[in-house]
Amino acid sequence: MSRLLLATAALCAAAGTSAADSVPALRRAAPALCRQLQEQGWHAPADIVNPRNKPVAEINIPGVMYLCTLEQALEGKGPGRPPDLQALLSDDGKETSMIFSANLWCEADRTAALDALTARIGRLLQQAALPLPADIATGLRAGRAATAAWQGITFSTTPIAVDADACAKVGPGGLGAVLFKIDLSIKPAG
């Protein structure tokens, strides 16, 4: 799988990758990135409405839509719910987008969770011959907004402070509003 992505990247580099080449490469990368995340221990989120339903990571209707939804729990310092990372990779036939998120319930988990998101997504994008722009990596680690462009692709981070009391309100395994969330969006410019 990684060899296929690296071969694609090498072909694009040899041909002189341009913005016109980068957007189709982003579209081709989504299913491969979904598989790589699953190989790295990410899994489909449980259905909280009907827990008897088997979680499904991918939905693919060729030429119409593609959707991959994954999550990975992280170790937390507590006392509330530990942080998690989430990935949403989608293609509606017109536009491909990727959203990677860190969700925090306790302030004590902020630095480790944001570092984990930055490092894991940086490695993943590198395997797909996509950069993690320095401004974006800095924004993720600091939990602040940032925007960068690369060959027709826009990267942006969006931090969202939600509930300052989330750590006390949401225990391990519980549901409830997060303390803080940050999203990294990757999509074609425009």
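Among the GluC sites (Glu not before Pro) within the range 33-101, those in coil by DSSP and having at most 12 neighbouring Cβ atoms inside 10 Å are Glu75. Within the listed set Ala57, Ala112, Ala161, the residue fluctuating most in the Gaussian network model of the chain (springs between alpha-carbon atoms under 10 angstrom) is Ala161. Each residue of the range 174-190 was assigned a 3J(HN,Hα) from its phi angle through the Karplus expression (A = 6.51, B = -1.76, C = 1.60, θ = phi - 60°), giving x, 10, x, 4, 7, 6, 7, 9, 9, 10, 10, 9, 10, 7, x, 5, x Hz with x at Gly and Pro. Taking amide H as placed 1.01 Å from N in the peptide plane, the amide H of Val170 sits under 5 Å from that of Arg81, each at least 5 places away or on another chain.
Taking trypsin sites (Lys or Arg not before Pro) in DSSP loop states with no more than 16 other Cβ atoms inside 10 Å as exposed sites, the chain has its longest site-free stretch at 1-51.
Is the C-alpha gyration tensor of the range 50-162 telling us rounded, prolate or oblate? Criteria: a/c under 1.5 is rounded; beyond that, a/b larger than b/c is prolate, otherwise oblate. Verdict is oblate for the range 50-162.
Taking a straight line from the alpha carbon of Lys181, these lysines sit under 26 Å away, with near neighbours fewer than eight places off in the same chain left out: Lys77, Lys169.
FYI, it's all coordinate maths here, none of it is from the lab. These figures come from a predicted structure and were not determined experimentally. With ideal geometry, Cβ positions are generated from the backbone for all residues, glycine too; neighbour counts draw on all protein chains shown.
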